[in-house]
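> The structure that follows is given in the form of structure tokens.
The values are calculated or read from the model by the stated rules, or taken from the named source; none is laboratory data. Only a predicted model underlies this, so the values are computations on that prediction, with no experimental measurement involved. For neighbour counting, all protein chains shown are included, and Cβ atoms are generated from backbone atoms with ideal geometry for every residue, glycine included. In case anyone asks, the SASA skips ligands and DNA or RNA and just uses the protein heavy atoms, side chains included. Shrake-Rupley method; radii C 1.70, N 1.55, O 1.52, S 1.80 Å.
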Amino acid sequence: MMTTAAPILAVDNVHVIYGQSILALRGITLRVNEGSIVALLGANGAGKTTTLKAISSLVRAERGRVAQGEIRFRGDIITHADAAGLVRRGIVQVLEGRRCFAHLTVEQNIVAGGYAHRPSRRVLADDLDRVYTWFPRLKQRRRTAAGLNSGGEQQMIAIGRALMTRPKLMLLDEPSMGLAPMLVEEIFEIIRNLNRREGVSFLLAEQNTGFALRYADHAYVVENGQVSAHGTAADLAARTDMASLYLGAIATD
Amino acid sequence: MQYFLTILLSGLLAGVMYAMVAIGFVLIYKASGVFNFAQGSMVLFAALTFVTLTEHGVPFWAAFLATVAVMIAGAVIIERLVLRPLADRSPLTLFMATLGLSFVIEGLAQLLMGTDVHQLDLGIDDLPLDIAGLQLSQFDLFASAVAIGLVVVLSVVFDRTRIGIALRAVADDVLAAQSIGIRLPVIWRIVWSVSGVVALIAGLLWGARQGVQFSLTMIVLKAMPVLIIGGFSSIAGAIVGGLLVGATESLADIYIGPLVNGAVSNWFAYILAVGFLLIRPSGLFGDRTIERV
Ligand SMILES: Nc1ncnc2c1ncn2[C@@H]1O[C@H](COP(=O)(O)OP(=O)(O)OP(=O)(O)O)[C@@H](O)[C@H]1O
Ligand SMILES: [Mg+2]
């Protein structure tokens, strides 16, 4: 199943502990090849979010830590790197539930994503324009408070805000959550285009297996903090008849 | 009627001073969720540093800037020694830490600068001014102008600058702010610094009024009802709360005081605050969530 392209991300046998004792990941191993879209599937509580947060180092903001294992980004060990530093190096996470800054305007939300690199005003304005080209709808709504926008628009704000960090690898946590199928389609199309035209690699956690497998190149199934199956998206999609074996509740979707 | 208006206005102007102290609280509370009990001590420390410098012959603006530098240094030290080690502890732990901090700051002030009462002259007399038949204190008017200036500056900073927007981002969602590379320690150093400068301004105004002395730390207790009424997380709330407390306090003193034979202003604000707690626990401008359902 291994391809020869160089991995942009390599996660090896990662264990994560929250607090003193909650073992949320028990040895996750996965690869994201440069320029690919990889899906992380699994039931509620399987460990998808924790995997993404382990990579972005945001677990530490939740009193979690990588207790064992190794994470590499383009060959460099980043297991214990600090979150802000990783953003500058090109890893950005879009959190589950979008988490826009509700009281800030749409534009302020997006622009805030650009601060990490301390860009000049011009660079910031150019990057903002680029985000508006991807999400024209946000330009119309730029002066509204982010919290007053619809779920789909908020997902776009969150992705646009993350794009401002100029990521090489984007970690997307359940982008389809709570969205109507048409909107999910729209979001996934944008992800695919970002991947093809801007060369951003994606690792996305999804419970919406159908959509995720349609757009991903590779997929990993997480169960109980471990990878229980993986392969090309096409292979896994062909195995959906046995989905109940490893996808748990999702099979009934 | 004229008399009533005079009382009301002087109350409102006094309320401006409460609002200044409350704003310092709100800044820190919004950006880090910490209820900073040491705000009163910071007011004392700043004012004391300033008068000590001027008494040693340092000119006004040099003393002001030096004190600003001291407050910023203090913020950096507090972030490193108190906030960072306690980063993800409970709000109660952090509150206790600021309680301890208030004793440390007061002890330090006493150690370095003594316990004498200092007169502070900002060059503005506290004379009554007759404006359209209303008797208003010149000093109160000056204090209000300073407060208005401060609020305008703060709101421009919060709405237009990168630092301001980053601060509000952290206030809205700490994890999301971290996810785009905003560094919390930097944000904390900045808000504590700004709070320190607000404390300095409040300390100068209060100190000019009643002398720079240890009882300045007690204004932290006066800020409490202001915060309960206005809501802990809103600068607008701190201002409205301050004005409300100031106005009702001085009106109550005149109109209710004689009935109960005593100074009502010592406790009236607390009664008001308790009333608010019963009716509107989140305060006038408390954290209403912006959400589309
Ligand atoms: N901050 C935390 N503190 C303690 N335990 C946590 C924390 N976050 C997650 N967990 C636990 O870690 C395990 C994995 O959770 P995680 O959120 O990674 O799952 P998930 O696959 O993202 O689930 P979902 O589909 O519901 O989002 C769960 O048992 C969860 O209870
Ligand atoms: Mg999750």
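> Scan segment A:15-54 for residues that are more than 6 Å from ligand 1 (Cβ to nearest atom), more than 24 Å from A:Ser201 (Cα to Cα) and not small (Gly, Ala, Ser) and jot them down.
The answer is A:Ile17, A:Gln20, A:Leu23, A:Arg26.
> Any residue at all in segment A:170-193 that is open to solvent by less than 40 Å² (accessible area, probe 1.4 Å), of a type in the set (Val, Ile, Thr) and not in a helix (DSSP H, G or I)?
Scanning segment A:170-193, I find no residue that is open to solvent by less than 40 Å² (accessible area, probe 1.4 Å), of a type in the set (Val, Ile, Thr) and not in a helix (DSSP H, G or I), so the answer is no.
> While we're on this one: Could we say that B:Val197 is away from chain A (no Cβ under 14 Å) and closer than 20 Å to B:Val16 by Cβ here?
Against the criterion (away from chain A (no Cβ under 14 Å) and closer than 20 Å to B:Val16 by Cβ), B:Val197 qualifies.
> Go through the residues of segment A:33-55 one by one and say whether even a single one is part of a helix (DSSP H, G or I), hydrophobic (A, V, I, L, M, F, W, C) and open to solvent by 10 Å² or more (accessible area, probe 1.4 Å).
no
> Let me ask something additional. Is at least one residue of segment B:153-160 more than 8 Å from chain A (Cβ to nearest Cβ), open to solvent by 60 Å² or more (accessible area, probe 1.4 Å) and of a type in the set (A, V, I, L, M)?
Yes; the residues of segment B:153-160 include at least one that is more than 8 Å from chain A (Cβ to nearest Cβ), open to solvent by 60 Å² or more (accessible area, probe 1.4 Å) and of a type in the set (A, V, I, L, M).
> For B:Ala176, are the conditions met, namely being within 14 Å of chain A (Cβ to nearest Cβ) and either open to solvent by 10 Å² or more (accessible area, probe 1.4 Å) or of a type outside the set (Val, Ile, Thr) (or both)?
Judged against the criteria, B:Ala176 is a match.
> Of the numbered conditions (1) part of a strand (DSSP E or B); (2) among the basic types (Lys, Arg); (3) within 13 Å of ligand 1 (Cβ to nearest atom), A:Arg72 satisfies every one except a single condition; which is it?
Condition not satisfied by A:Arg72: (3).
> Here's another thing I want to ask about it. Go over the candidates A:Ala102, A:Ala83, A:Ala67, A:Ala145 one by one and state the one that is away from every other protein chain (no Cβ under 12 Å) and open to solvent by 10 Å² or more (accessible area, probe 1.4 Å).
A:Ala67
> Step by step: first the residues of segment A:148-166, then only those that are more than 10 Å from every other protein chain (Cβ to nearest Cβ) and buried (at least 23 other Cβ atoms within 10 Å of the Cβ), then the one that is nearest to the chain's Cα centre (by Cα). Which residue is that?
A:Ile159
> Further question: Scan segment A:55-88 residue by residue and report those that are farther than 15 Å from B:Ala176 by Cα and within 16 Å of ligand 2 (Cβ to nearest atom).
Scanning segment A:55-88 gives A:Ile55, A:Gly64.
> Which ones in segment A:86-96 are open to solvent by less than 40 Å² (accessible area, probe 1.4 Å) and in contact (Cβ under 8 Å) with a residue 60 or more places away in the chain?
Within segment A:86-96, A:Val87, A:Gly90, A:Ile91, A:Val92, A:Gln93, A:Val94, A:Leu95 qualify.
> Next question, about the same structure. With the structure loaded, tell me whether A:Arg88 is charged (D, E, K, R) and in a helix (DSSP H, G or I) or whether it fails that test.
Against the criterion (charged (D, E, K, R) and in a helix (DSSP H, G or I)), A:Arg88 qualifies.
> Checking B:Leu99 against (1) surrounded by fewer than 17 Cβ atoms within 10 Å (Cβ to Cβ); (2) not in a helix (DSSP H, G or I), only one condition comes out false. Which one?
(2)
> Test of understanding: among B:Gly149, B:Gly114, B:Gly164, which residue is open to solvent by less than 40 Å² (accessible area, probe 1.4 Å), of a type outside the set (Asp, Glu) and at positive phi?
Unique residue meeting the criteria: B:Gly114.
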